[in-house]
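Scroll down for the structure; my scribbles are underneath it.
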Amino acid sequence: MDSEFFSECLLPLLLIGLPLALFTLVALRAARRAKAYQAALDNLRTTTQPLALIHDGMGGIRAELLTLNVDKPLYWRRVVLGLQTDSLVIYNARPPLPELLRLPLAQLRWYGRPQKYRSGRNVIWLHFETPDGWRLLTLDIYHGSMADFVRTLKTVTPPELVTAYRRRRPYIHVEPLPAQPTTQDLYGVWTLEAPLTLYLMPRALVLLERDGTRVLRTFPLDQLTDVVAQRRMDAPDADGLLRFKMGAEMLAFAVPDADGLAGQVAQAARLNLESPLWPKLKDKSDDDWEWEE
């Protein structure tokens with residue numbers, strides 16, 4: 001009798017009640033987390049008074065920070081972004097939202113989205129020249145939050161960065177590669193100096209230490225002329241030379257695949273001289289908000 005009562009009455013109740021209780025427990029815990037997260041956001045907004053506090057729900061923004069010549073990037077799966085008038089602040093998305101990183105906007109050298117806006121996640125790249133080296137920040141943000149972020153960022157960055165953001169793609173990057181500064185004597189013999197690192201990004205050619213992160217010099221692309229690749233007559237089988245002028249100064253670097261690099265530097269320099277594209281009158285479905293945001 002007891003076994004029949006259990007199988008016919010109590011067992012169905014347990015089979016229904018346990019999942020329901022578990023679901024209720026999970027829902028309550030999620031509600032508490034959401035409430036704590038919202039309270040932490042409100043507190044952060046009150047205490048820091050940012051121009052914009054960018055977050056995707058429960059902190060779905062992903063961030064990666066790469067310092068050139070450092071093997072491993074820093075990666076955060078869930079962050080909140082705070083845009084101040086003078087800095088971009090990255091917070092851990094777990095309450096109480098502790099600060100992870102602060103990047104002064106005075107160190108920002110370029111930002112751009114490698115692809116047009118699309119539904120779902122969008123990526124933006126930001127380059128910073130810091131005392132600790134050249135840093136590339138990659139942010140992965142949902143469309144609506146990305147549009148808010150870019151719209152606010154354009155209000156606190158110089159006009160030349162906004163102009164660079166609006167230029168047409170591709171945004172040319174070349175991975176850091178070994179480069180030796182070279183000088184030529186009166187007899188045509190080239191003397192190679194200690195190896196350094198060259199890195200091409202959309203607004204500049206960056207010269208760094210070979211085994212360190214310190215930025216030694218930047219060559220703005222809009223100031224470069226006469227960009228060519230040249231073979232060394234004194235050593236035909238050695239690396240070719242990347243040569244260019246910046247003002248009255250002629251510079252040369254021995255690099256692997258000098259022809260390929262010279263072509264990319266020349267193309268990036270031409271893109272820097274172009275006027276940015278502006279939206280035409282067209283339907284919203286035709287992506288005219290690409291340039292408004």
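Selection of first residues in the range 155-173 that are under 23 Å from ALA266 (Cα atoms) and of second residues that are charged (D, E, K, R) and part of a loop (DSSP other than H, G, I, E, B), restricted to Cβ pairs under 8 Å at least 6 apart or on distinct chains, gives the following pairs, ordered by first then second residue: VAL162/LYS154; ALA164/ARG203; TYR165/LYS154; ARG167/GLU274; ARG168/GLU274. Under the condition of being over 14 Å from ARG270 (Cα atoms) and crowded, with 18+ Cβ neighbours inside 10 Å, the residues counted in the range 220-234 number 2. The condition of being among the hydroxyl-bearing types (Ser, Thr, Tyr), more than 26 Å from VAL255 (Cα to Cα) and surrounded by 15 or more Cβ atoms within 10 Å (Cβ to Cβ) holds for only one of THR157, THR197, that being THR157. Could you tell me which residue of the range 152-185 is nearest to ASP211 (Cα to Cα), considering only residues that are basic (Lys, Arg) and modelled with pLDDT under 95? Checking each candidate, the answer is ARG169. Within the range 65-82, being of a type in the set (S, T, N, Q) and over 15 Å from the mean Cα position of the chain (by Cα) holds for one residue alone: ASN69.
Restricting ARG94, ARG78 to residues that are part of a strand (DSSP E or B) and among the basic types (Lys, Arg) narrows the list to ARG78.
Number of residues in the range 54-68 that are farther than 18 Å from TRP125 by Cβ and either small (Gly, Ala, Ser) or surrounded by fewer than 17 Cβ atoms within 10 Å (Cβ to Cβ) (or both): the value is 4.
From the list LEU216, LEU198, LEU208, LEU221, the one residue that fits, being without any contact (Cβ under 8 Å) to a residue 24 or more places away in the chain and under 25 Å from the mean Cα position of the chain (by Cα), is LEU216.
State whether one or more residues within the range 228-235 are within 24 Å of ASP185 (Cβ to Cβ) and among the β-branched types (Val, Ile, Thr). Yes - at least one qualifying residue is present in the range 228-235.
Got a number for residues in the range 174-206 being aliphatic (A, V, I, L, M) and more than 16 Å from ALA268 (Cα to Cα)?
Qualifying residue count, the range 174-206: 7.
Checking each residue in the range 80-89 for being surrounded by 15 or more Cβ atoms within 10 Å (Cβ to Cβ) and farther than 17 Å from ASN43 by Cβ picks out LEU83, SER87, LEU88. Restricting attention to the range 271-293, the residues that are out of contact with any Leu (no Cβ under 9 Å at 6 or more places or on another chain) and at pLDDT 80 or above total 3. Considering only residues in the range 120-134 that are out of contact with any helix residue (DSSP H, G or I) (no Cβ under 6 Å at 6 or more places or on another chain) and charged (D, E, K, R), the one that is surrounded by the fewest Cβ atoms within 10 Å (Cβ to Cβ) turns out to be ASP132.
The values are calculated or read from the model by the stated rules, or taken from the named source; none is laboratory data. On a predicted model such as this, the values are computed, not experimentally measured, just so you know. Using ideal geometry, Cβ is built from the backbone for each residue, glycine included, and neighbour counts are taken over all protein chains shown.
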